[in-house]
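Okay, structure first, notes after.
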Amino acid sequence: MEYTVQKLARLAGITSRTLRYYDEIGILKPARINSSGYRIYGQAEVDRLQQILFYRELDVDLESIKKIVNSPSFDDVKALKEHREKLLTKREQLNLLIANVDKTLAVREGRMTMSDKE
């Protein structure tokens, strides 16, 4: 499947300006430019965009992402496994924070008591 800037932006939940910027800085180039001058993205670019968005979700800056994904030794499967582990860790941290907020609410509403350590 091939996508124009607008279609890929909609699919990925980002702006078309973001895709044009990624092209400008060399982090995500289109597969080709058609005769009308539209950037066209294929499956390889969609996969690369997914990697970029995973790194962004983990608060990695664009310059670092560019170095990572442009590296000749970049292994997308290995990167996905690393993303998964980091996201699982992040989820555990969020679950602990949510549980703490729930306990604090219960204390404030008089439904339980909580120690200082909690």
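Every read-out reported here was derived from the displayed coordinates using simple, explicitly stated rules and does not represent laboratory data. All figures in this text were calculated on a predicted structure; none of them were measured in a lab. Neighbour counts run over all protein chains shown; Cβ positions are idealised from the backbone, glycine included.
Numbers at a glance
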item	result
Computed magnitude of the charge dipole of the stretch 1-72 (debye, nearest 20; Cβ of K, R +1, Cβ of D, E -1)	240 debye
Lysines whose Cα lies under 28 Å from that of K90, excluding same-chain neighbours fewer than 8 positions away	K66, K67, K78, K81, K103, K117
Highest-fluctuation residue, L97, L53, L62 considered, GNM on the chain with Cα pairs under 10 Å	L97
In nm, spacing of pseudo-spin labels at K29 and R56 (7 Å Cα→C-beta vector)	2.1 nm
Gyration tensor over alpha-carbon atoms, the chain, equivalent ellipsoid semi-axes in Å	41, 17, 11
Residues with amide H under 5 Å from that of A31, placed H, sequence gap 5 or more	I40, Y41, G42
For the stretch 75-118, radius of gyration divided by Kirkwood radius, i.e. Rg to Rh on alpha-carbons	1.32
FRET efficiency, N70 to N95 (Cβ-Cβ, R0 35 Å, nearest 0.05)	0.50
Highest-fluctuation residue, T89, T18, T104 considered, GNM on the chain with Cα pairs under 10 Å	T104
Rough spin-label spacing in nm, given labels placed 7 Å along Cα→Cβ, for E85 and D102	2.8 nm
Most fluctuating residue given options K90, K103, K81, as computed from a GNM of the chain linking Cα atoms under 10 Å	K103
Label-point separation, Q43 to D116 (7 Å along Cα→Cβ), nm	6.0 nm
Ellipticity estimate at 222 nm from DSSP helix runs (n ≥ 4, -39,500 (n - 2.57)) divided over the chain, nearest 500	-21000 deg cm²/dmol
